[in-house]
């Protein structure tokens, strides 16, 4: 049985390298997050942002409770508490992110929010993680590629898009905290307890925002299925990231998870007909080189 000191020490369970399973799980979370964010952003152009965010998060919470019950319903209190901290950032960050996606250009909003990966990356290094030089170089390339692939060919001065940039920057900080505490709680105890705590925290934040805004959280029959699907997609991404955190350095896993803007841009290209420039295609290549470096570190 673990001692209290072992359970609370990040170094007690910290992997020394980023293995193939961690890479696979973290990339899976990035792909799933990208799909959820693209879909949530589109839905937020047809429904109030808080409605999309809160209802989708509630759908994910129901799925988590089913999984929790099937796994015995035993709560790891330390992980649950860290999960709540993650959820406070996640709820506020996701609401800001979806609102930014509904107001601005996805190719601007996504990379700004993805920069939130710098927060868990920096905290993890400051608290003792020591990736190899190859891994650090790969992380830099992957993050740079994720940002560069989403940069548009032309910048807009439309006021709503300026507001979208401000919201995206706020979302980056909040989602960075979400990522860090989600990974920490999953590594130090139970990923499922961390996920449940995170959803409790996010729903508390979103509920408070809805009450303050006096916004009814109602979704019509035509859109309820897509909104629920976004929630299930988001909670699946969270679960993949939580599992990845137990198999690799959090500093590097957080970078791989932040590659979701690539998915958002590609989805916009295929489904919305948005154009990809040569620079964006080159950025995809840069990100892939970074991923290969991380996988081989």
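Readers should treat all values here as calculations from the given coordinates under stated rules, not as data from a laboratory. Here the structure is a predicted model, which means the values were calculated and not measured. Note that we place each Cβ from the backbone using ideal geometry, even for glycine, and neighbour counts take in every protein chain shown.
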task = Let me know the whole percent of all Cα-Cα pairs from region 34-123 that are separated by more than 17 Å.
result = 58 percent
request  = Could you please rank 115, 233, placing first whichever residue has the fewest other Cβ atoms within 10 Å of its Cβ?
outcome  = 115, 233
remark   = When 84, 31 are arranged by how many other beta-carbons sit within 10 Å of their Cβ, fewest first, they go 31, 84
inquiry  = Could you order the peptides 184-196, 244-256, 122-134 from most to least packed, using the average number of other C-beta atoms within 10 Å per residue?
reply    = 244-256, 184-196, 122-134
ask   = Roughly what would the spin-label model give for residue 218 and residue 125, points 7 Å off Cα along C-beta, in nm?
value = 5.1 nm
request  = Could you work out how far apart the two model spin labels at residue 277 and residue 62 are, taking each label as a point 7 Å from the Cα in the direction of the beta carbon, and quote it in nm?
outcome  = 4.4 nm
